[in-house]
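Visitor: Input: one structure, supplied below.
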Amino acid sequence: MQETIKHVACPYCGACCDDLEITVEDGKIIEVKNACIIGTEIYHHASREGRVGSPRRRQPDGTYKDITYEEAIDFTAKMLIKAKKPLIYGFGSTNCEGMAAAGRVAEDAGAVLDNCASICHGSSFLAIFDTGYPSCTLGEVKNRADVVIYWGSNPQHAHPRHLSRYGVFPRGYFTGKGYKGRKVIVVDPRYTDTARCADHFLQVQQGHDYELFDAFRMVMHGYADKIPAIVAGVPKEKILEVCDIIKGGRYVHIFFGMGLCHSDGRNHNVDIAINLVRDINEYTKCTIMAMRGHYNIAGPGIVWAWQFGFPYCIDLTKGSHAHMNPGETSSVDLANRGEVDAFINIGTDAGAHFPIRAFEKLGSGMPMVTIDPSVNMAATVSDVHIPVAIVGVETGGICYRMDNVPIQYRAVVEPYNGILTDEELFDRIYERMQELKKEGWTTDEGTWDYATPLADVRPVKEVYE
């Protein structure tokens, strides 16, 4: 029997496209409409044979042996109880229900709870804490914005349908002419595919975004005559031309990406960008938004702020209260200093995204568990790899779009081989931890079958070769 399911949300990027149409026949996905090529691949991967369908335990000879969920849950629960400072990191592809369940486990274990923001848009959080966040929804951009600026981001690659759904091409309520009625400005050190769609391209010198923002602010404050002939590689005439377009717009919106967060200045780049938005609002309406990467990476900041009062880098080891101090409690810094003694990698790939030395410390000196639907670099050196259901394909839940709007995701097929969801897995880990504690397990008591640490034989360095 064939069925077409409409209004499905995509589990790829922060645009969270919710207009997909999935055709299912005999429990398998046979066609995906309206998704980008990456989103389409995610859905077809779910029905692909050869996918990991049960937990696996690494053996001393480097091979993997299938184990039951009960064994994997027992291993993880014992690891968390025995560790004095475990780290639970990731949540790039997890629904909010799973994040809340993980928060309960982390609090009970006295762990450090962190997400991908600590190595991507964490600097944006710091700027927003200091300066505020004059933002909006993507619907407002589509329906109102006639001047759109992409600064330090390349959505043509990172968010493939962003331009067509929200930023450039769509016809909105007050933007009926679509692309013809908008001015698109791209600021980037490289001439990207997004820049090819722009009316104006400003090729800023790498790492000098702050200077260019400063020049824009000078124009907005009436000091255009004080600007040098060239600022951050951009001619003064181009700056003045773009500022005139901004002042003449009805609604200006700035999308900023990790080009600001990962270059010199970091949170100060975002800080001055927000202040520029305030300056522009003296002339016309202007808003700003971070181009969040994963489809629910905005979720942890909302769920954990509700649970603990902080969005990321949450140290729960003190017991009585949560503590956040990026640089001290952030994952990479903890790893570099060797302060954690157990690691859970969930819904991300620390092996691919962490600095090499940081991951070498995590992968070669402590027990490690990877929770992910697919095999990744971190999974290849973990003691246990636990597959879970793919959100938006095999399980539903709430996910937050890049503009912090909650989107209800839904399942279109049954989980492959009956694998658990993130929420079910963490709930069972929590229950097993309570059972072990009743049996007398503590950090300093009890025995564990981790007598021969596989950390000593993991080929961590080979992962990068």
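Visitor: Can you tell me which residue in region 380-397 is modelled with the lowest pLDDT, limited to those that are in contact with a Lys or Arg (Cβ under 8 Å, 6 or more places away or on another chain) and over 16 Å from residue 74 (Cα atoms)?
Guide: Applying the filter and picking the extreme gives 381.
Visitor: May I ask you to say which residue of 305, 273 is closer than 17 Å to residue 126 by Cβ, among the small types (Gly, Ala, Ser), assigned by TED's automatic domain parsing to the domain that holds residue 155 and assigned to a helix (DSSP H, G or I)? Lay out the reasoning, then the answer.
Guide: Details: 305 fails: assigned by TED's automatic domain parsing to the domain that holds residue 155.
Every option except 273 fails the conditions.
Visitor: Exactly one condition in (1) surrounded by fewer than 20 Cβ atoms within 10 Å (Cβ to Cβ); (2) out of contact with any strand residue (DSSP E or B) (no Cβ under 7 Å at 6 or more places or on another chain); (3) outside any loop (DSSP other than H, G, I, E, B); (4) not acidic (Asp, Glu) is false for residue 222; which is it?
Guide: (3)
Here is a yes/no grid of residues against (1) of a type in the set (A, V, I, L, M); (2) touching a Lys or Arg at 6+ places or on another chain (Cβ under 7 Å):
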site	(1), (2)
131	no, no
137	no, no
141	yes, no
144	no, no
147	yes, yes
152	no, no
160	no, no
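Rundown of residues vs (1) in contact with a Cys (Cβ under 6 Å, 6 or more places away or on another chain); (2) modelled with pLDDT under 95; (3) not in a strand (DSSP E or B), yes/no style:
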{"residue": "374", "(1), (2), (3)": "no, yes, yes"}
{"residue": "399", "(1), (2), (3)": "no, no, no"}
{"residue": "408", "(1), (2), (3)": "no, no, no"}
{"residue": "417", "(1), (2), (3)": "no, yes, yes"}
{"residue": "433", "(1), (2), (3)": "no, no, yes"}
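Visitor: Residue check: is residue 15 surrounded by 23 or more Cβ atoms within 10 Å (Cβ to Cβ), at pLDDT 95 or above and small (Gly, Ala, Ser)? Can you show your working first?
Guide: Details: surrounded by 23 or more Cβ atoms within 10 Å (Cβ to Cβ): yes; at pLDDT 95 or above: yes; small (Gly, Ala, Ser): yes.
Yes; evaluated as a whole, the condition is true for this residue.
Visitor: While we're on this one: State all residues of region 225-260 that are buried (at least 16 other Cβ atoms within 10 Å of the Cβ), assigned to a strand (DSSP E or B) and touching a Lys or Arg at 6+ places or on another chain (Cβ under 9 Å); if no residue qualifies, say none.
Guide: Correct list: 251, 252, 253.
Visitor: Being surrounded by 13 or more Cβ atoms within 10 Å (Cβ to Cβ), out of contact with any His (no Cβ under 9 Å at 6 or more places or on another chain) and closer than 29 Å to residue 10 by Cβ is the filter here, so list the residues in region 39-62 that pass it. Outline the logic, then answer.
Guide: So the first thing to find is which residues in region 39-62 are surrounded by 13 or more Cβ atoms within 10 Å (Cβ to Cβ), and the list is 39-47, 51-58, 62.
Remaining after also requiring out of contact with any His (no Cβ under 9 Å at 6 or more places or on another chain): 39-47, 53-54, 62.
Correct list: 39, 40, 41, 42, 43, 44, 45, 46, 47, 53, 54.
Visitor: Of the numbered conditions (1) among the aliphatic types (A, V, I, L, M); (2) part of a loop (DSSP other than H, G, I, E, B); (3) in the same structural domain as residue 311 (by TED's automatic domain parsing), residue 35 fails exactly one; give the number of that condition.
Guide: All conditions pass for residue 35, except number (3).
Visitor: In the set 266, 250, which member is under 29 Å from residue 157 (Cα atoms), among the basic types (Lys, Arg) and under 18 Å from the mean Cα position of the chain (by Cα)? Show your work before the answer.
Guide: Values: 250 fails: under 18 Å from the mean Cα position of the chain (by Cα).
Just a single option satisfies the conditions, and that option is 266.
Visitor: Do we have any residue at all in region 190-201 that's surrounded by fewer than 18 Cβ atoms within 10 Å (Cβ to Cβ), assigned to a strand (DSSP E or B) and in contact (Cβ under 8 Å) with a residue 40 or more places away in the chain?
Guide: Scanning region 190-201, I find at least one residue that is surrounded by fewer than 18 Cβ atoms within 10 Å (Cβ to Cβ), assigned to a strand (DSSP E or B) and in contact (Cβ under 8 Å) with a residue 40 or more places away in the chain, so the answer is yes.
Visitor: Can you work out which of the residues in region 349-374 that are surrounded by fewer than 24 Cβ atoms within 10 Å (Cβ to Cβ) and acidic (Asp, Glu) is nearest to the chain's Cα centre (by Cα)?
Guide: 349
Visitor: Could you list all residues from region 72-121 that are polar (S, T, N, Q) and within 24 Å of residue 402 (Cα to Cα)?
Guide: In the first step, residues of region 72-121 are kept if they are polar (S, T, N, Q); the result is 76, 93-95, 115, 118.
Scanning region 72-121 gives 93, 94, 95, 115, 118.
Visitor: Would you be able to say whether some residue in region 278-300 is in a helix (DSSP H, G or I) and polar (S, T, N, Q)? Before you say what the answer is, go through the steps one by one.
Guide: Initial filter on region 278-300 (in a helix (DSSP H, G or I)): 278-280, 298-300.
With polar (S, T, N, Q) added as a condition, the list becomes none.
No, region 278-300 contains no residue that is in a helix (DSSP H, G or I) and polar (S, T, N, Q).
Visitor: Another question, if that's okay. Hey, among the residues in region 323-348 that are buried (at least 20 other Cβ atoms within 10 Å of the Cβ) and among the small types (Gly, Ala, Ser), which one's nearest to the chain's Cα centre (by Cα)?
Guide: The qualifying residue nearest to the chain's Cα centre (by Cα) is 347.
Visitor: Can you name the helices (runs of 4 or more DSSP H) wholly within region 317-367 that have at least 3 residues being over 29 Å from residue 420 (Cα atoms)? Walk me through how you get there before you give the answer.
Guide: Working: elements: 331-336, 350-353, 356-364.
Counting at least 3 such residues, we get 331-336, 356-364.
Visitor: Anything in region 206-215 that is without any contact (Cβ under 8 Å) to a residue 60 or more places away in the chain and either under 22 Å from residue 279 (Cβ atoms) or buried (at least 18 other Cβ atoms within 10 Å of the Cβ) (or both)? List them, or say none. If you could, list the steps in order and put the result at the bottom.
Guide: Taking region 206-215 and keeping what is without any contact (Cβ under 8 Å) to a residue 60 or more places away in the chain, we get 206-208, 211-212, 214-215.
Result: 208, 211, 212, 214, 215.
Visitor: Could you identify the single residue in 133, 173, 150 that is of a type in the set (Phe, Trp, Tyr) and either touching a His at 6+ places or on another chain (Cβ under 6 Å) or closer than 13 Å to residue 252 by Cα (or both)?
Guide: Numbers: 133 fails: either touching a His at 6+ places or on another chain (Cβ under 6 Å) or closer than 13 Å to residue 252 by Cα (or both); 173 fails: either touching a His at 6+ places or on another chain (Cβ under 6 Å) or closer than 13 Å to residue 252 by Cα (or both).
None of the others qualify; the one that does is 150.
Visitor: Among the candidates 110, 172, 178, single out the residue that is within 25 Å of residue 347 (Cβ to Cβ), more than 16 Å from the chain's Cα centre (by Cα) and not β-branched (Val, Ile, Thr).
Guide: Details: 172 fails: within 25 Å of residue 347 (Cβ to Cβ); 178 fails: within 25 Å of residue 347 (Cβ to Cβ).
After ruling out the rest, the residue left standing is 110.
The values are calculated or read from the model by the stated rules, or taken from the named source; none is laboratory data. Just so we're clear, the structure is a prediction, and the values are computed from it rather than from any experiment. All Cβ positions, even for glycine, are placed from backbone atoms using ideal geometry, and neighbour counts span all protein chains on display.
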